[in-house]
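All remarks here apply to the structure that follows.
The values are calculated or read from the model by the stated rules, or taken from the named source; none is laboratory data. Model, not experiment: these values are computed from the prediction. Cβ coordinates were reconstructed from backbone atoms using ideal geometry, including for glycine residues, and neighbour counts include every protein chain displayed. These accessible areas exclude ligands, DNA and RNA; they are computed on the full protein's heavy atoms, side chains included. Shrake-Rupley method; radii C 1.70, N 1.55, O 1.52, S 1.80 Å.
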Amino acid sequence: MTAARETSSPKLSSSKTPAERSEFGFYLAVLPSYRTPCMDLLHAEFGSRVRAWVSDSHLDPTVRTDESVDWYSLVPMHRLLGRRIFVQLGGLREAVQLSTLVVDLNPRSMTAWMLLAARRVLRRRTLVWGHMHPQAGAGASTGWLRRAMRKLAQGAISYTYSDRNRAIDELPGRPIWVAPNALQRRPDMVIGEASVQRSAVIYVGRFARSKKVDLLVEAFGRAVARGLEADLILVGAGELDNEISRIVDSHGIESRVLRPGWIVDPTELGRYYARSFVSVSPGFAGLGLTQSLGYGVPSLVSRDEPHSPEIELADIGGVTFFETDNADSLAIAIRMAWASRAEVPLTAVHEYVAANYSAESMCAGLSAALTGNDLIGV
């Protein structure tokens, strides 16, 4: 029986960088716009010595490669078994020949498995990049698949420091670099003036069901009913658009809710954060937490969610947890944040994130991994 499949075709012109001039490469599912600041820095450092092969979108079609980047080579993705796994085809011969290649640490990528196996036979250096463990944690039943990929590779690149430490304990002696998952360059992490009156709750990200933006809108409506004088800024879009509109109408808070759509420009986004006294992660937290703390804005985070490893930032401060799927608990947390709004921006938190979770930090980790320098974790 042949499995049904979906294929995405390249829409952008491929990079014209000759393979023979390249030493390093990335063969990844996608490189979204939030990776562009880091990848721009990496390309500026290595030039034609580095290549990248990606598809235009992931298994989740809302996760798309940044079409403004002209040095990526686009390859088609074939989605198989009801979008459970995928295969990418194109540029494989060139990718196999590079001295160092980075592939996704994602067991759903059949291409990553093929490249790992082929390059191991050829004794060529291959690194895996991604989350060291499944979203369900290191003890998940599928965790052995990621460990198997790491065993095939000659090293790994972790998104976070805590993830790296756990991975070292699992496979001692395996080289691991950290390219801290970041969104913005240091100069773009500008915090607003302390004297500015902050009057908004902000959410930035996809309006996906797993992100539970509808819970935030419901909680905000309840907080307004109890006397909150703030506004709500929802930056993004997605499948919950209509549900959000319904909840806004039911609470009669149309004048309090601003929905500017997607914002990529860091300066424009910074203006919205400068108006905000708190951000919210009503579902699982990830890169949005890094972004908010980078702007010096504290965050309210759902307690019991399968958070991405970026949740390690909660240890530095600026994070308050509320009860998962509990609109009243979130409404109370919003009102408490409103009462403490004079403490925002969080200067020390901003400085820590800017120093350790910037696009520059991420680029430095990738650069060290490609060249084999500054090894951490052996």
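For the range 222-235, give me the residue count where each residue is within 13 Å of ALA200 (Cα to Cα) and assigned to a helix (DSSP H, G or I).
Kept after step one, since they are within 13 Å of ALA200 (Cα to Cα), are these residues of the range 222-235: 223-224, 228-235.
Those left that are additionally assigned to a helix (DSSP H, G or I): 223-224.
Result for the range 222-235: 2.
Regarding the range 232-239, can at least one residue be identified that is free of Cβ contacts under 8 Å to residues at least 40 places away in the same chain and either of a type in the set (Ser, Thr, Tyr) or open to solvent by 20 Å² or more (accessible area, probe 1.4 Å) (or both)? Before you say what the answer is, go through the steps one by one.
Of the range 232-239, the ones free of Cβ contacts under 8 Å to residues at least 40 places away in the same chain are 232, 234-237, 239.
Adding the requirement that they be either of a type in the set (Ser, Thr, Tyr) or open to solvent by 20 Å² or more (accessible area, probe 1.4 Å) (or both) leaves 237, 239.
Yes, because at least one residue in the range 232-239 is free of Cβ contacts under 8 Å to residues at least 40 places away in the same chain and either of a type in the set (Ser, Thr, Tyr) or open to solvent by 20 Å² or more (accessible area, probe 1.4 Å) (or both).
Those residues that are part of a helix (DSSP H, G or I) and free of Cβ contacts under 8 Å to residues at least 24 places away in the same chain, I need them from the range 41-65; list them, please. Outline the logic, then answer.
Start the filter on the range 41-65 by keeping residues that are part of a helix (DSSP H, G or I), which leaves 41-49.
ALA44, GLY47 - these are the residues of the range 41-65 that are part of a helix (DSSP H, G or I) and free of Cβ contacts under 8 Å to residues at least 24 places away in the same chain.
How many residues does the range 159-181 hold that are open to solvent by less than 50 Å² (accessible area, probe 1.4 Å) and touching a Pro at 6+ places or on another chain (Cβ under 8 Å)?
Residues in the range 159-181 being open to solvent by less than 50 Å² (accessible area, probe 1.4 Å) and touching a Pro at 6+ places or on another chain (Cβ under 8 Å): 5 in total.
Against the definition (part of a loop (DSSP other than H, G, I, E, B) and either out of contact with any strand residue (DSSP E or B) (no Cβ under 6 Å at 6 or more places or on another chain) or on the phi > 0 side of the Ramachandran plot (or both)), how does GLU243 come out, yes or no? Steps first, answer last, please.
Numbers: part of a loop (DSSP other than H, G, I, E, B): no; either out of contact with any strand residue (DSSP E or B) (no Cβ under 6 Å at 6 or more places or on another chain) or on the phi > 0 side of the Ramachandran plot (or both): yes.
Considered against the rule, which asks whether it is part of a loop (DSSP other than H, G, I, E, B) and either out of contact with any strand residue (DSSP E or B) (no Cβ under 6 Å at 6 or more places or on another chain) or on the phi > 0 side of the Ramachandran plot (or both), GLU243 comes out as no.
When you go through VAL121, VAL128 one by one, which is the residue that is modelled with pLDDT of 95 or more, open to solvent by 70 Å² or more (accessible area, probe 1.4 Å), among the aliphatic types (A, V, I, L, M) and over 30 Å from VAL297 (Cα atoms)?
Details: VAL128 fails: open to solvent by 70 Å² or more (accessible area, probe 1.4 Å).
Being modelled with pLDDT of 95 or more, open to solvent by 70 Å² or more (accessible area, probe 1.4 Å), among the aliphatic types (A, V, I, L, M) and over 30 Å from VAL297 (Cα atoms) holds for just one of VAL121, VAL128, which is VAL121.
Return yes when GLU323 is within 25 Å of TYR272 (Cα to Cα), open to solvent by 40 Å² or more (accessible area, probe 1.4 Å), free of Cβ contacts under 8 Å to residues at least 60 places away in the same chain and of a type outside the set (Ser, Thr, Tyr) and no when it is not.
no
If a residue has to be among the aliphatic types (A, V, I, L, M) and under 21 Å from the mean Cα position of the chain (by Cα) to count, how many in the range 105-139 make the cut?
7
With the condition kept exactly as written, say whether any residue in the range 258-275 is within 28 Å of THR347 (Cα to Cα), assigned to a helix (DSSP H, G or I) and touching a helix residue (DSSP H, G or I) at 6+ places or on another chain (Cβ under 6 Å).
Taking every residue of the range 258-275 in turn, at least one turns out to be within 28 Å of THR347 (Cα to Cα), assigned to a helix (DSSP H, G or I) and touching a helix residue (DSSP H, G or I) at 6+ places or on another chain (Cβ under 6 Å).
Within the range 201-212, can you find the residues that are buried (at least 21 other Cβ atoms within 10 Å of the Cβ) and farther than 20 Å from SER33 by Cβ?
VAL201, LYS212, listed by residue number.
Output yes when any residue across the range 335-342 is under 19 Å from MET189 (Cβ atoms) and in contact (Cβ under 8 Å) with a residue 60 or more places away in the chain, and no when none is. Reasoning before the result, please.
Looking only at the range 335-342, we keep the residues that are under 19 Å from MET189 (Cβ atoms), and these are none.
No, that holds for no residue.
How many of the residues making up the range 292-307 are under 10 Å from GLU323 (Cα atoms) and either among the aromatic types (Phe, Trp, Tyr) or open to solvent by less than 10 Å² (accessible area, probe 1.4 Å) (or both)?
Selection size over the range 292-307: 2.
Quick one: how many residues across the range 249-280 are within 27 Å of ALA225 (Cβ to Cβ) and free of Cβ contacts under 8 Å to residues at least 24 places away in the same chain?
Matching residues across the range 249-280 total 4.
Restricting to the range 272-328, name every residue that is of a type in the set (A, V, I, L, M, F, W, C) and closer than 20 Å to SER162 by Cα. Talk me through it step by step, then tell me what you get.
Of all residues in the range 272-328, those of a type in the set (A, V, I, L, M, F, W, C) come to 274, 277-278, 280, 284-285, 287, 289, 293, 297, 300-301, 311, 313-314, 316, 319, 321-322, 327.
Within the range 272-328, PHE284, ALA285, LEU287, LEU289, LEU293, VAL301, ILE311, LEU313, ALA314, ILE316, VAL319, PHE321 meet the criteria.
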